[in-house]
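To keep things clear, I will list the structure first and then write my remarks on it.
Every number in this text was worked out from the coordinates using simple rules, so none of it is lab data. Predicted model only: the values in this text are computed from it and were never measured. Every residue, glycine as well, gets a Cβ built from its backbone with ideal geometry; the counts of neighbours run over all protein chains shown.
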2 protein chains.
Amino acid sequence: MIKRYASSTDVARLAGVSQSAVSRTYRPGASVSEETRRKVLAAADELGYRPSRIPQIMLTHRSHLVALVIGGMYNPFYSSVLEAFVARLQAEGWQPLLVHVDNDCAFDDVVPTLASYRVDAVVSALAILSDDSVRQLEQLRIPVIAFNASSFGDRVVSVSSDNVLAARLVADHLVARGARRLGLIAGLVESSAGRERQAGFTARAGELGVPVAIQAGGFRYEGGRAATRRLFEGPMAPDGIFAANDLMALGAIDALRVDLGLRVPDDVLVAGFDDIPSASWAAYDLTTVLQDAPRMVDEALRVLHSAAELTTARPGRIVVPPVLIIRGSTDRPVAPVQVA
Amino acid sequence: MIKRYASSTDVARLAGVSQSAVSRTYRPGASVSEETRRKVLAAADELGYRPSRIPQIMLTHRSHLVALVIGGMYNPFYSSVLEAFVARLQAEGWQPLLVHVDNDCAFDDVVPTLASYRVDAVVSALAILSDDSVRQLEQLRIPVIAFNASSFGDRVVSVSSDNVLAARLVADHLVARGARRLGLIAGLVESSAGRERQAGFTARAGELGVPVAIQAGGFRYEGGRAATRRLFEGPMAPDGIFAANDLMALGAIDALRVDLGLRVPDDVLVAGFDDIPSASWAAYDLTTVLQDAPRMVDEALRVLHSAAELTTARPGRIVVPPVLIIRGSTDRPVAPVQVA
DNA sequence: CGCAAGCTTGCATAGCTAGTCATGCGCGAT
DNA sequence: ATCGCGCATGACTAGCTATGCAAGCTTGCG
């Protein structure tokens, strides 16, 4: 194997000093004479030397690596969360190790890899942590922070929007704008966020005495479009639709306009969840729930800092308040809400 | 500092064997008796032990870490490339280290960090490699693979679509479908992909004797929308628009329909570049150029494998053929092409 | 029963950095 | 002149795993 990087010993030899002197040159506050520092830096520059973190990991038992588990990048909300996360982690001296999980490669399969790189923590932006993998990570004493997934509330720390409250607000809003027959496009049953949005919406609709028809859309555009067509094949054609994420809501709008020849918002109101960039595009102008991604990332980092000291994070749940963004897709005169 | 992970020595002590025996248990093909293996695995299970790659990195001078540099995740094309890349890297035994670069944090700032983790290679999915940082990486002998960026063709390996050819095909197509006054929405001058698309398009339009007006859109939806409005403030209102990426093309369609009250494709043809998911949504149905992301990732990995052996990749350029996807946004009868 | 061959096991070590400890030097104070 | 102090420097070591080497054991065969 060819040696790629120069070591502090190489630099020391070239500079005619000891390895300690090299190390001290890069350690702020260490005692090095100007003369020695100059010689070391000259030699380091010649060899392209940068101190390695690898031996330090062995000595301190801290890698400053954080595993970021992804697997649903089709949703732009998660790409923006990812980008925000990476930027913040980096700014605070962590390094994100990216791990992909999907049907071919389950979370359980990558746990040994994570452990072998001695990551300090795992952040999952997906709801597909299996019970088994959580137990494995627990045994390895790796703190786990789950994003928008509260299923394992007693084992891991979760950071999420207040999905139930947000969905209730959407129900209120749709009914206030005159909807009397609601349609709900659900996500995936595996997703606790999706389940919470469904629960909040149906609960509030029930309180308001408004019926809700439900179809699953799998969190994707095509799923939302197909689910909308199915809603209109049923006995109760809805006049207000809430999709558990924006992608499905955009599919719903296209189904209504293109497939069913209906107008939005004139014939049917539509609301989504996430506030992805395309939600505000002129063709859609979608009413949606803003998830405060920067705030969520902040909270996750706060947990990370405390978890870094201990061997495990104190399990719990952090909920970030949502904001209802009202746009053209529900733009109709306000009707009085009739509480049943 | 609290010790988080068990070491092979810990396992050896518990199992009543030597550290070598533990190591050999996890090394396929090594000579270990069934009895010893059983004891080791039992002890390892109890302690939650996984072999560490960290000392191995020191011994072999190979980290199997690949730095993935991102910074434009607003474009869904890059999220899909990222996801594909991570999945493939992982399947082949690499681990992606994610690095974010933006205005606050230039590439040069993160080079020391990359070096300190002893990454085996750097993959940049962005065109913002500075000349200085390429030189730094060259001195550190870290191979660099640039995605869709050929500016540093003589220093790094680049993998990209055939942007020039694709843009020529788009020009042909728009003119064949009857456009006689073309508009081009350019990306960023820093992007070589954008420059190539512009060059190919204007060159072919020139050959066909069709005039082209140009406005910059910065690769973003809002930029594309504003650029389109500016195109129509000029002396030559275009009847065919090519945007250097899909996001700007979608902005163009919305500008035409919502801001300018025109019809697509009846009044103006629109084509984009990337084939992001929203390009095929019913509201847009955008003609675009498919960049074969899986193929591009394949090629990048091939380079990576050869670069892993050497200390540096042989500079060069790999070009992947593009595919023109014709959809409704240019759906008009074919007119005969008049070569000037 | 003796010996060789093969399998198994433990010991020792490389690889790199940060920090501890001891040493040496210069200089001011006594 | 001597002592002590502060600074600078080098030697040494911890931390963990894979592997070469030597030694011990078993087994089969003569």
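General remarks:
- Amide H contacts of residue A:281 (H built 1.01 Å from N, in plane; Pro and chain starts excluded): A:286 sit under 5 Å, all sequence-distant by 5 or more or on other chains.
- Model label points for residue A:258 and residue A:203, set 7 angstrom from Cα along the Cα-to-Cβ axis, are 3.7 nm apart.
- With R₀ fixed at 22 Å, the C-beta to C-beta distance from residue A:27 to residue B:59 puts the FRET efficiency at about 0.35.
- Dipole magnitude of the protein assembly as shown, debye to nearest 20 (Cβ charges: Lys/Arg +1, Asp/Glu -1, about Cα centre): 1420 debye
- The phi torsions of segment B:268-281, fed into the Karplus equation with coefficients 6.51, -1.76 and 1.60 and a -60° offset, translate into couplings of 9, 8, 9, 9, x, 8, 2, 6, 6, x, 5, 4, 9, 5 Hz, rounded to whole numbers, with Gly and Pro shown as x.
- Dipole-positive endmost among B:79, B:94, B:33 within chain B (Cβ charges, Cα centre): B:33
- Descending semi-axes in Å of segment B:161-309, equivalent ellipsoid built from Cα gyration tensor: 28, 17, 14
- In this simple spin-label approximation, residue A:189 and residue A:135 carry label points 7 Å from Cα along the Cα→Cβ vector, and these lie 2.2 nm apart.
- Label geometry 7 Å along the beta-carbon vector: residue A:31 inter-copy distances in nm: 5.2
- Percent of Cα pairs exceeding the 41 Å cut-off, where the set is the protein assembly as shown: 37 percent
- Label-point distances for residue A:19 to the equivalent site in the other copies, using a point 7 angstrom along Cα→C-beta, read 1.6 nm when ranked shortest first.
- Per-residue Karplus couplings for segment B:31-38, computed as 6.51 cos²θ - 1.76 cosθ + 1.60 with θ equal to phi - 60°, are listed in order as 8, 9, 6, 4, 4, 4, 4, 4 Hz, Gly and Pro entered as x.
- Whole-Hz ³J(HN,Hα) from phi, Karplus 6.51 cos²θ - 1.76 cosθ + 1.60, for segment B:250-263, glycine and proline x: 5, x, 5, 4, 5, 4, 4, 6, 8, 7, 10, x, 9, 9
- Annotation: amide H of residue A:181 within the under-5 Å range of A:239, A:240, sequence separation 5 or more or interchain, hydrogens built in the peptide plane.
- Calculated P(r) of chain A - Cα pairs past 38 Å, %: 33 percent
- Reachable lysines, given that their alpha-carbon falls under 24 Å from the alpha-carbon of residue B:39 and they are not under 8 places away in the same chain: B:3
- Taking every C-alpha pair closer than 8 Å and separated by at least 6 residues, the mean separation divided by the residue count of chain B gives a relative contact order of 16 percent.
- Interchain or long-range residues, amide H under 5 Å from residue A:146's placed H: A:124, A:157, A:158, A:159
- On a per residue basis, the convex hull of the C-alpha atoms belonging to segment A:8-52 measures out at 60 Å³.
- Taken along the Cα-to-beta-carbon direction at a fixed 7 Å, the label points for residue A:230 and residue A:326 span 3.2 nm.
- Between copies, the label points at residue B:302 (set 7 angstrom from Cα along Cα-to-Cβ) are spaced 5.1 nm, reported in nanometres from shortest to longest.
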